[in-house]
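One structure below.
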Amino acid sequence: MDPSRIERFTALYDTWHPNVHAYVVSRAGRQLADEAVNDTFMVAWRRLDDIPEPTLPWLLGVARNVVRQQFRATARDESLQAEMVTWAAVEHPANDIADGVTERAAVLRALASLPEADRELLTLVAWHGLSSRDAAKVVGCSQPTYFVRLHRARRRLETALADSAAEPAPALIPAFAKEIAR
Amino acid sequence: MKNDVMNQLSASRPDQLDPLPDPNRRDRQLHAAFAQPIERRSTTRRTVVRAGIGFGVATGLAGAVAVAVLATGSISRQPANHHPSGGHQRPVVRAGHSARRG
């Protein structure tokens, strides 16, 4: 096996593994993350000579396809719901009334109430640090289309946040509320 | 709303997204990747495929243009239909004159 190729791939793995892992966790939860990340880097190894610059949007695009093709939608949803329950549980401790913590919990609840597509558009920029150009590459649309979709998703998040602020009780989506009540 | 919602969202990024350091997982994933076959995409083959597609498109366009030219030419050779009654206009033969001269 070509040592320079191995070296190049190891450097790529070490550089981008945290980003790919974070993206997969935000799309499918930690239960499926290891397998999906593994499959993503398998594809990257096979096509190492074809990987374009910038690398991250390409890798996230592969991870996106892996998550969509290899895991059934229900398995993905269940894993992600379990993941978001832990976020809500950690970010919303029962006795902590600090404003910052409450606000974070409200934002996460509002995000959880949005459709999957909206969550992806918003988190690609806000959590994974992609520019709108790179995020559009990941999603597979043009930059103007991405801007329009992002604008709409942002409006929906604002509405969800306003709704959750209007309700003093935690407005978790039913599945999360059920899980937390256990 | 005081803060921009995107800033709020950025500030709410869960720590669980970041992977915990795990050397075993790293080795496992790297070796799983190394076991995969390498896809070598031949540039010659790619060029031939692209040239084939280009040739096909060009031939199709040329054929379409040729058919259009032939169709237009055959229509323009049809007898003119200027007579108000429709149909072909027959030559008028006046009294005392033959239609055929000479």
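Things to note:
- Sorting A:Phe147, A:Phe9, B:Phe55 on solvent-accessible area from highest to lowest, probe radius 1.4 Å, gives B:Phe55, A:Phe147, A:Phe9.
- Entry comment: accessible area of the stretch A:3-83 is 42 Å² per residue, from protein heavy atoms only and a probe of 1.4 Å.
- Volume in Å³ per residue [convex hull over Cα atoms, computed for the stretch A:3-83]: 76 Å³
- Rounded if a/c under 1.5, otherwise prolate or oblate - the stretch B:5-65, Cα gyration tensor axes: oblate
- Estimated FRET transfer efficiency (A:Gln69, A:Thr10; beta-carbon r; R0 30 Å; 0.05): 0.70
The values are calculated or read from the model by the stated rules, or taken from the named source; none is laboratory data. The structure presented is a predicted model; accordingly, all values stated were derived computationally and were not measured. As a convention, Cβ positions derive from the backbone with ideal geometry for all residues, glycine included, and neighbour counts pool all protein chains shown. Please note that ligands, DNA and RNA were not included when accessible areas were found on the heavy atoms of the full protein model with its side chains. Shrake-Rupley method; radii C 1.70, N 1.55, O 1.52, S 1.80 Å.
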